[in-house]
Amino acid sequence: MFKNAVNFGGAVEDLQKKIAISNSINIVGTNSTGVASNESEDEKLKAPAGIISYEPDELMISVFAGTEIHEVNIELQAAQQRIVIPDWGTIGGAVATRRNGLRETHHQTLPNNVLRCTVIAADGSLYQAGGQVVKNVSGFDLVKLLVGSWGLLGLIVEVTMRTEPLPQVSQWVKSAHPQAREQASKLYRPAVETLIEGVTYLLLEGHQNDVEQQISLLKGFALCEMPSLSHQYQYQNLNFLSQGPVRSIERGIRKQFDPTNKFNKKIAAQRNLLT
Amino acid sequence: MSGAVHINTAELFLAGQDGSNMMGSPLGVCYPTTTAEVQNAVRWARSKGVPFIARGAGTGLAGGAIPEAGSLVICLTKMNKIRSIDANRRSAWVEPGVLNADLSRQTSREGLHFAPDPSSQQSCTIGGNVANNSGGPHCLSEGVTSAHILSLEVVLPSGETCTFDAETSLFDLRGAFIGSEGMFGIATAIEVRLVQNPPHVATMVVGFASVHDGALAVSAIIAHGIIPSALEMMDAPITRAVEEYVHAGFPLDAAATLIVEIDGLEYSVIDGSRQIREIVSLFGATSFQVAETAVERARIWKGRKTAFGAIARIQPNYYLHDTVVPRKKLAEVLSQVTAIATQEQLQVMNVFHAGDGNLHPILMFDKRVAGVMDRVHRAGAEIVRVSLEAGGVLSGEHGIGLEKRDFMRWMFTENDLLFQQKLRSAFDPDGISNPHKVLPRGSGCSDTASIPPGSWI
């Protein structure tokens, strides 16, 4: 009676039926990664869209994975909150590709902010990982495994995430000076510290006076807008292959979760994870 | 030699226990000092078909370190070196036997610390923190152990060694390993993230006339958009016990006491403390104190973290529970917990991580009283039941171990459990690394062994 199992309605059930009988499935959100397969025999499936529940006081939102992030942001901004994912593509796509974006350097990056995932497995069954609370060590951490799993372990249909209050002030600064990083080390926990093509970018957030005081400590930095990043930069982790026992475990996981190589064959092949 | 297996009765007796009430009977215990020695121990166990179990300080409360009968205990307390500290990258490589508090002491001269701070931090090990994905009061703002581990060197159940980090695999094997309670292999070196010590800290102690008022204030603080670095609650019985023990200045007339700490840069701390003060008075705070000095602050945290020691003054035995509920359900579930204890004629005290909704009801008893353990176990199961009914989960930081293994079905479907078992099989296909923990019997694993004496599941 307390089980995670939730009735997500007809759209999820239809997907379950399709997956159960299909041989080759390509999971696509908005294809913002550009890596979705175009092979014609693949059935292209997308998770349903829509916000399931949003409780600003609990700092938590639950959405269907096909929901576009900008739609979620509209809802969040009305309550003076945000999520850590950059504003493009779907929630499911961001989770499946572990898209931290520029907030990579911040400790509250994506994997720590996903609290629960509901997934359709290769046999069409539904499984759930995590729970709708902010702290949870009940069983093995399948959520961490699913974040960045590139659709190889099933179709993520629902995601529950932490939200966070918007800071009073958010200010980017940049410097191309070789000693910029040394300067940055004088600051107390900037929200983001990142190096893009030789330029050090910092994001300072919090109380207005604190942000101003932190900026005054920096020499040779200028205020700027948020830097933009190419998608190649975001997805560089697709370009290398694991080795030795690490690869055996990765293959073992794929084999356990998708024994007939149903999901995202192209990505699995690229990563040498076909079983 | 340090790799030798010890089989004398006293050592086996010690290696058979942890912080739970359970007891196991291992075959032998060894104390490796290097990764190669851990590898030898695992290979030996494998070759003999003997299960093995890694162990740190044995402070775990869910029986995760209770050895299966006839298994080899690999005790990692002698692998206790900090291998390197990189102050620029704000990271360090440590061996699994390094004590949690020692690491932060060693890095304090760099102005850095390891954020997870379980109450047992003076004696628990970093390896144990990794196995349990440990929390602590300051995980409210800092996140739990998983958010602070960069990479892991692991001896797999196959006897091979490898490294899990952010770069060398597609799947987050590092993240999957953390919190696997010793069932995916043994971490022999751990790269931790270190965080800067906060330049400003305000620690507030707030009294309330009822637990209900205190719980509502907790929800209101978070709902207001303030994430304190810690937000802890103690009820009146534990506050009195602690105050007699450490004299931290906790309000003795309050039905509930909140410890609210906020840290960071100057203005956020000043502004945040002011807002917290306004919110708690709106919710009926009966007293409000701010620690003026580092000494006062340390005394408050000593009080909070030694709370379990103070219990010994009241009853000889206690059972500490660990569930999580949505914050908005705190007041409701706490009153249910009181009703459950009354029903079973047990004394209960609460000291817990309110900001996370992470409850720690403590049932106190004297186990010499006939039939008392049955009441303790019934009450425990009821606490788990009401927490799940409120939309919560089985454990926030103690883990499942043996204690809550058979409650897993209350929270997860058979299919959910099957996929957890699949993950385990990928790391440990033969099920020899700390078998028969976490997953309930009959959930697709090969596990049908008996439960160690003393366990109450």
For this session: Give the whole-number value, in cubic angstrom per residue, of the convex hull volume spanned by the C-alpha atoms of chain A.
Result: 148
Exercise. Relative contact order of chain A: what whole-number percent is it, with Cα pairs under 8 angstrom and at least 6 residues apart?
Worked result: 20
Exercise. Label B:Ala294 and B:Asp253 with points 7 Å out from Cα along Cα→Cβ: what is the distance between them in nm?
Worked result: 3.4
Problem set entry | Value of D in µm² per second that Stokes-Einstein yields for segment B:37-132, Kirkwood Rh from Cα pairs, at 20 °C (1.002 mPa s) | 148
Problem set entry | Förster-model FRET efficiency, 51 Å R0, B:Asp86 and B:Gln347, C-beta, rounded to 0.05 | 0.55
Exercise. Tell me, what HN-Hα J-couplings in whole Hz come from the Karplus equation 6.51 cos²θ - 1.76 cosθ + 1.60 at θ = phi - 60° for each residue of segment A:136-145, using x for Gly and Pro?
Worked result: 6, 10, 7, x, 5, 8, 5, 4, 4, 5
Exercise. Mind checking Rg over Rh on chain B, alpha carbons, Kirkwood formula for Rh?
Worked result: 0.96
For this session: Could you check the simple spin-label distance between B:Asn40 and A:Leu166, using points 7 Å along Cα→Cβ, in nm with one decimal?
Result: 6.2
Seminar exercise, completed: Taking Cα pairs closer than 8 Å and at least 6 residues apart, the relative contact order of segment B:200-309 in percent is 44
Problem set entry | Near-label residues of segment B:158-195 by backbone N, under 18 Å of a point 7 Å along Cα→Cβ of B:Lys78 | B:187-189
For this session: Within the set of other residues whose C-beta is less than 11 Å from the C-beta of A:Lys144, count the net charge using Lys and Arg as +1 and Asp and Glu as -1.
Result: 0
Exercise. Given labels modelled 7 Å from the Cα in the Cβ direction, how far is it in nm from B:His6 to B:Ala69?
Worked result: 2.4
For this session: Find the centroid of the Cα atoms in segment B:1-73 and in segment B:263-312, then give the distance between the two in whole Å.
Result: 41
Seminar exercise, completed: The ³J(HN,Hα) series, computed from each phi in segment A:261-275 with the Karplus coefficients 6.51, -1.76 and 1.60 at θ = phi - 60°, rounded to the nearest Hz and given as x for glycine or proline, is 6, 7, 8, 6, 4, 4, 5, 4, 5, 4, 9, 6, 10, 5, 10
Problem set entry | Computed [θ] at 222 nm, helices only, for the protein assembly as shown once each DSSP H run of length n ≥ 4 contributes -39500 (n - 2.57) | -9000 deg cm²/dmol
Exercise. How much space per residue, in cubic angstrom, does the convex hull of the C-alpha atoms of the protein assembly as shown take up?
Worked result: 150
Exercise. Which of the pairs A:Lys186/B:Lys81; B:Lys302/B:Lys404; A:Lys135/B:Lys302; A:Lys135/B:Lys329 have their Cα atoms more than 20 Å apart in this structure?
Worked result: A:Lys186/B:Lys81; B:Lys302/B:Lys404; A:Lys135/B:Lys302
Exercise. Of A:Ala129, A:Val147, A:Trp172, whose Cα points farthest to the positive end of the dipole of segment A:119-181 (charges on the beta-carbon: +1 Lys, Arg; -1 Asp, Glu; origin at the Cα centre)?
Worked result: A:Trp172
For this session: For A:Cys224 and A:Lys186, calculate 0.36 nm times their separation in residues minus their Cα-Cα distance, and state this gained length in nm to one decimal.
Result: 11.7 nm
Exercise. If you project the alpha carbons of segment B:200-309 onto their three principal axes, what span does each projection cover, largest first, in Å?
Worked result: 35, 30, 19
Problem set entry | Estimated Rh, segment A:169-230: Kirkwood, alpha-carbon pairs, angstrom | 11.5
For this session: Name the residue farthest towards the positive end of the dipole of chain B from the options B:His113, B:Asn317, B:Gly214, assuming +1 on Cβ of Lys and Arg, -1 on Cβ of Asp and Glu, about the Cα centre.
Result: B:Asn317
Exercise. By the gyration tensor of its Cα atoms, with a ≥ b ≥ c the square roots of the eigenvalues, what is the shape of segment B:325-383: rounded for a/c under 1.5, prolate for a/b over b/c, or oblate?
Worked result: prolate
Problem set entry | Cα-centre dipole for segment B:229-326 with unit charges at Cβ (Lys and Arg positive, Asp and Glu negative), debye to 20 | 280
Problem set entry | Total charge dipole magnitude, segment B:5-75, about the Cα centre, Cβ charges on Lys, Arg, Asp, Glu only, Debye to nearest 20 | 220
Seminar exercise, completed: Expected unfolding gain across A:Ala20-A:Ala176 under the 0.36 nm per residue rule, minus the alpha-carbon gap, is 50.8 nm
Problem set entry | Under Karplus coefficients 6.51, -1.76 and 1.60, residue-wise ³J(HN,Hα) of segment B:333-347 in Hz, glycine/proline x | 5, 4, 6, 5, 4, 4, 5, 5, 5, 4, 4, 8, 6, 10, 7
Problem set entry | Spherically averaged projected area in nm², based on the convex hull that wraps the Cα atoms of segment B:5-75 | 4.3
Problem set entry | Candidates A:Val35, A:Val157, A:Val12: whichever shows maximal mean-square fluctuation once chain A is modelled as a Gaussian network with Cα springs under 10 Å | A:Val35
Problem set entry | chain B - percent relative contact order, Cα under 8 Å, separation 6 or more | 15
Exercise. What is the magnitude of the charge dipole of segment B:315-389 about its Cα centre, with +1 placed on the Cβ of each Lys and Arg, -1 on the Cβ of each Asp and Glu, and no other charges, expressed in debye to the nearest 20?
Worked result: 20
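No lab work stands behind these numbers, since they all come straight from the coordinates. Small disclaimer: the values here were computed from a predicted structure and weren't measured. Ideal geometry is used to build each Cβ from the backbone, glycine not excepted, and the neighbour counts take in all protein chains shown.
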